[in-house]
Each structure stands twice: as structure tokens, then as C-alpha cells.
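Student: What follows is a single structure, and I will ask about it in a moment.
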Amino acid sequence: MATIGFRLIKGPSIINHLPEAASQSFKAGDLVMLTSGKVAIVSSDQTVYGVALEDASGTTGDDVPVLVIQPDQIFLAQADTTTAATHVGGKYGLNIGTAGSMSVDIGDTSTTTVRIEKLDPRDGAKANGRVYVKFDPDKLQNL
């Protein structure tokens, strides 16, 4: 399922331009990490550096603008299941899946990465509803 990715709603906008790692296919809005100083799609929801602002080129070393995730930022993301008011304030993991399909994993409360701040009022409680999230500072690669 294609998702909306992660979109900055509130907070500082720090953008770093970094080289792309080999064999990448991430999409704009996907979560990325640094590996040997190069940008790669996240391989675990336990280490996150930022959000890719452009699709991967597929060419090692090409410049990639990345929005660096900070603990005081709020992002809009999509949930992987029906959202409910009871999810607000809860901590959840991520479905990192494949490029262009990242979402908040409402079923994962053990390897948590984000905290849901609120449901998007345009959706409310809805299948694959949008949610506002903050990232756990302990999961951020840049801190």
C-alpha cells in the first residue's frame, strides 16, 4: 500500500545534503538512516536519521536532501490500521516495508519509535487514518 510518507507539520526544518548509498530506491517522504555517511532507506525502526525530500536516484554518491528529524518536531503520517482516540498518547513502531509504503504500526507496542500526538481531524477514527507523531529521541541517529 502506498502511503503519504512522513511530512513535517511543526518544528525546525534542518536540511542536510548527503551522498546516496548504493542500490537505493527510497521515495520522498520515506525514513532514511546514515550508513557509512551515506543516505539509505531505514532497515530497522530503531535507527532513524531523517526524511528523504527527493526520490533516490539509484546512483551511488548522488546528492540527497534530507530533513533531519528532531525530538520537538511533529510529523503527519499514516497508520497501518483503523485509528482510534485510544491511540492518542500511545507509543508505536513503524512499518518500514518497502519504498513509498512506510506507516505507523499500531500493532507494535514493543519496539516503539513514535508517539501519537493526535488523530488528523480530517480522518478521525478511520481505516489507515492519518496521525500526528513525534519521534522518540532515543531512536534518532543524529542525537
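Student: How far apart, in nm, are two points set 7 Å out from the Cα along the Cα-to-Cβ line at Ser43 and at Lys10?
Tutor: 3.6
Student: Give the label of the value calculated from the structure for semi-axes √(5λ) of the Cα gyration tensor in Å, choosing from (1) 25, 15, 13; (2) 37, 15, 12; (3) 24, 18, 13.
Tutor: The value computed from this structure is option (1).
Student: Right, next: Gaussian network model of the chain, Cα springs within a sub-10 Å range: biggest mean-square fluctuation belongs to which of Leu18, Leu31, Leu76?
Tutor: The residue with the greatest mean-square fluctuation here is Leu18.
Student: I would also like to ask the following. Any idea what the relative contact order of the chain is, in percent, if you count C-alpha pairs under 8 Å spaced at least 6 apart?
Tutor: Relative contact order comes out at 27 percent.
Student: State to the nearest 20 debye the size of the charge dipole of the chain about its Cα centre, where the only charges are +1 on K and R beta carbons and -1 on D and E beta carbons.
Tutor: 420
Student: OK, next. May I ask you to list the residues of segment 48-66 whose amide nitrogen lies under 16 Å from a point 7 Å from Cα along the Cα→beta-carbon direction of Ala2?
Tutor: Residues 54-56 qualify, since their backbone N sits under 16 Å from the label point.
Student: For segment 69-74, take each phi angle, set θ = phi - 60°, evaluate the Karplus expression 6.51 cos²θ - 1.76 cosθ + 1.60, and give the result in whole Hz per residue in order, putting x for glycine and proline.
Tutor: 6, 10, x, 8, 8, 10
Student: At a 10 Å Cβ-Cβ cut-off, how would you order Lys134, Lys126, fewest neighbours first?
Tutor: On the way: Lys134 19, Lys126 14.
Ordered by Cβ neighbours within 10 Å, fewest first: Lys126, Lys134.
Student: Shifting gears a bit: If you take the beta carbon distance between Thr59 and Gln141 as r and set R0 to 30 Å, what does 1/(1 + (r/R0)^6) give as a FRET efficiency, to the nearest 0.05?
Tutor: Details: r = 23 Å, r/R0 = 0.76.
E(calc), rounded to 0.05, equals 0.85.
Student: OK, next. Mean-square fluctuation check for the chain, GNM, Cα pairs under 10 Å: which of Ala127, Ala79, Ala56 is largest?
Tutor: Ala127
Values quoted throughout were computed directly from the atomic coordinates according to the rules given, and no laboratory measurement underlies them. Since the structure is predicted, the reported quantities are computational estimates derived from the model, not experimental observations. No Cβ is skipped: glycine too gets one built from the backbone with ideal geometry, and neighbour counts run over all protein chains shown.
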